[in-house]
1. Tell me, which residue of the range 142-159 that is surrounded by 10 or more Cβ atoms within 10 Å (Cβ to Cβ), assigned to a loop (DSSP other than H, G, I, E, B) and under 16 Å from the mean Cα position of the chain (by Cα) is modelled with the lowest pLDDT?
2. Please pick out the residue among 184, 162, 124 that is exposed (fewer than 13 other Cβ atoms within 10 Å of the Cβ) and either in contact (Cβ under 8 Å) with a residue 12 or more places away in the chain or part of a strand (DSSP E or B) (or both).
3. Scan the range 57-77 for residues that are in a loop (DSSP other than H, G, I, E, B) and out of contact with any strand residue (DSSP E or B) (no Cβ under 8 Å at 6 or more places or on another chain) and jot them down.
4. Taking residue 108 as the residue in question, decide whether it is in contact (Cβ under 8 Å) with a residue 24 or more places away in the chain and either in a strand (DSSP E or B) or surrounded by 16 or more Cβ atoms within 10 Å (Cβ to Cβ) (or both).
């Protein structure tokens, strides 16, 4: 008996039939393509993101989690598993007055339009990057209704590279803008100027320079070495370890001197001079 060898159908010049051709390079021309997907592609062991039941009078959908007639939030680029628990009213999705079924599949093999109106089984809703901001979930008549709010994709990345070289001159310009706050857990490096309109709090590592490149804080010693102009310093000890010189237009010393090197004030000097004058009879 001869040996049978199974091989894929091959053609050196492509394939042609009525309404369907494949050229020698593998390009396909067809009047239409129909995607099929069977229930075997659904992992029914995976926990659902949502389960939908109905209230006792079958007049509202109950989302778990969420609640009765809940406003549900989904995000573009994410897929959601929705289990339907013996509904009386088939579940439909609408964008305005039009049925919406982009990215919708059902565990019975229904895709898109044929996945609408289901009362049981499992739906997978892959939210498209072009999905509208609001999708209505409802029964066919519209007597039961609710809203799915669709937000932009939320990403979690190991690294992100922003290749734009746009400078930033305001909080809403630059290669990357963040509308909310920004939390950074580890060391960060900045190659340009940092503008902090709300001030900077916490510990700074590294030298700090003024706009004219004047060194203000020396990273090696941690000391303030540059000029501090037109500002106020309150409740701060200056020069306790290594004293230096200072020049003031005016200065106020609140306390009387207690040591030989303490600065004094005019009140103390006047009182001392008066006391000495009385004591010496001058």
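The values are calculated or read from the model by the stated rules, or taken from the named source; none is laboratory data. None of the values given here were measured: they were computed from a predicted structure. Cβ coordinates were reconstructed from backbone atoms using ideal geometry, including for glycine residues, and neighbour counts include every protein chain displayed.
1. 153
2. 162
3. If the condition is that a residue be in a loop (DSSP other than H, G, I, E, B) and out of contact with any strand residue (DSSP E or B) (no Cβ under 8 Å at 6 or more places or on another chain), then 57, 58, 59, 77 are the ones that fit.
4. So residue 108 does not fit the description; no.
The rows are residues; the columns are (1) assigned to a loop (DSSP other than H, G, I, E, B); (2) surrounded by 10 or more Cβ atoms within 10 Å (Cβ to Cβ).
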position	(1), (2)
237	yes, no
240	yes, no
244	yes, no
259	yes, no
262	yes, yes
267	no, yes
274	no, yes
279	no, no
